[in-house]
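Below is one structure, written out as structure tokens; the observations come after it.
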Amino acid sequence: MRTIRDRNCLLGEGLALIRQQFQLPTAFPPEVEAEAAEAASRPLTDHADATNVPFVTLDPASSRDLDQAFAIEAAGPDLLLHYAIADVGWFVADGGAMDREAWVRGTSFYLPDGKVPLYPPALGDGAASLLSDGDRPAVIFTVRVDPAGEARLDGAHRALIRSRAKLAYETATEADLPTGFAELTRRVEAAELARGAARVEPPEQEVVKDDRGCFRLQLRPQSWAEQKNAALSLATNLAVADVLLRARTGLFRTMAEPQEWAVRRLRHTAKALGISWTKAEELQALERRLDPAAPADASMMMAIRRASQSAGYEPFRDGATPWHAAVAAPYAHVTAPLRRLADRYVVEATLAVANGQAVPDAAQAAFEKLPDVMQKADALSGQIARAVIDLAEAVTIEDREGQTFAAVVTDIDQRGARIQLGDPPVVARLKADGFKPGDEIMVTLDKADPADRRVEFSIA
């Protein structure tokens, strides 16, 4: 996993242009800021006292918009996951200024030089964030995980919590985490295997700021802490989906299985990469045994990601079971309300159902409108991420035009070959025929244009 650097700090100008191109807001309207400030200073009411529970958070070190905190306790053979979620619904009034602005944004957008948040910093990085600097209001979902890893929701309630530690993916050790964390995540992962799920994350290109204020582009696999932490969210989201389905309401995250023609192409890719894949083995089984640290396996994982159909949102419909192929079960998003608009409404609906109350009318109405809003926000987020990577690639290798690089063909489609350089970690297109996935080739960098965010290669 190599890194290339923005030696002359040239990405800043390009990032500003990306913000202009995608019309990303630079600030919140004054009435939104004012409403956020008022909400942040409002005395906390309607919350039980759970400040004695030893919650901790686990996130990237630089994050301040902390949606989740957790504590774990044994309950006979079961484990209880107390998953505290930022109580955004308590701060944000339906139809108010913050609510209206959130419907315009849909989600938070993250760029290397800063984020474009869903809610003003007074809430998102302050009063609503589950930081370890004081009491915070939260919605606690108590999820019971049995020895087989099956998760069900035992209850949900509003409470004040006090996080004991802000743990970071980059530095956390198993000794830092609550007792039971390793066993709980093992159970959740075992249940995934039993369902035939394939929640595998390939290495990703990312652009991060360094200690000089410049940027670097790197290809990075998920850390063990990220992978384990994702199991907590998964268990909670599965338990919530089950409760909402039985109540015949809710909003669900869905994803279809890869189409047959895509799986056939993936089999050719696996063969070219030297990966053994028998006809009897399902795609999900192959995904589970791929190692993101092995170059061929990492390339295969990224090819599978590209072949998978896009995820979306669906409201509850009589006679239909919403399905998420990657987790092999119905699935709901509930664990990131500071960053995703939809989660706030799913939290409110789950609170109501878990306590025998009617789902609020505002949530029921939102479930019908949110799929389109979230799809547009997700699409925009993807476009921004790709533009940032394209910019970083062009900036960091613009002084290497004419040089030759070793590359591997990772995929073939109607637009030509997709190639991945080993050093630097650049992914690009090559307009050439006659190649197949897995071919090792030499390419020449013909052009690297930061203004157009484009790199062009040809066969050496």
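Of note:
- Residue that is modelled with the lowest pLDDT, among those in the range 28-51 that are touching a Lys or Arg at 6+ places or on another chain (Cβ under 8 Å) and not hydrophobic (A, V, I, L, M, F, W, C): ASP46
- Pair list, Cβ < 9 Å and 6+ apart or interchain, from the range 165-184 residues that are over 11 Å from VAL56 (Cα atoms) and at pLDDT below 95 to residues that are assigned to a loop (DSSP other than H, G, I, E, B) and not hydroxyl-bearing (Ser, Thr, Tyr): TYR169/PRO60; TYR169/ALA61; TYR169/GLN222; GLU170/PRO60; GLU170/ALA61; THR171/ALA61
- Per this entry, VAL145 is counted among residues that are under 25 Å from ILE72 (Cα atoms), among the hydrophobic types (A, V, I, L, M, F, W, C) and modelled with pLDDT of 95 or more.
- Within the range 414-460, strands (runs of 3 or more DSSP E) holding 2 or more residues that are under 17 Å from ARG386 (Cβ atoms) and in contact with a helix residue (DSSP H, G or I) (Cβ under 7 Å, 6 or more places away or on another chain): 440-449, 454-459
Condition check ((1) assigned to a helix (DSSP H, G or I); (2) polar (S, T, N, Q); (3) more than 25 Å from PHE109 (Cβ to Cβ)) across all residues:
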position: TYR331; (1), (2), (3): no, no, no
position: VAL334; (1), (2), (3): no, no, no
position: PRO337; (1), (2), (3): no, no, no
position: GLU348; (1), (2), (3): yes, no, no
position: ALA352; (1), (2), (3): yes, no, yes
position: ALA363; (1), (2), (3): yes, no, no
position: GLN375; (1), (2), (3): yes, yes, no
position: ILE384; (1), (2), (3): yes, no, no
position: ALA387; (1), (2), (3): yes, no, no
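- Within the range 369-421, tally of residues that are closer than 24 Å to ALA102 by Cβ and of a type outside the set (A, V, I, L, M): 9
- For the range 412-437, taking the residues that are surrounded by fewer than 12 Cβ atoms within 10 Å (Cβ to Cβ) and of a type in the set (Lys, Arg), the one that is modelled with the lowest pLDDT is identified as ARG415.
- Only a single criterion out of (1) modelled with pLDDT of 85 or more; (2) exposed (fewer than 12 other Cβ atoms within 10 Å of the Cβ); (3) assigned to a loop (DSSP other than H, G, I, E, B) is not satisfied by PRO25, namely (2).
- Residue within the range 438-459 that is loosely packed, with under 15 Cβ neighbours inside 10 Å, without any contact (Cβ under 8 Å) to a residue 40 or more places away in the chain and basic (Lys, Arg) present: no
The values are calculated or read from the model by the stated rules, or taken from the named source; none is laboratory data. Keep in mind it's a predicted model, so treat the numbers as computed, not measured. All Cβ positions, even for glycine, are placed from backbone atoms using ideal geometry, and neighbour counts span all protein chains on display.
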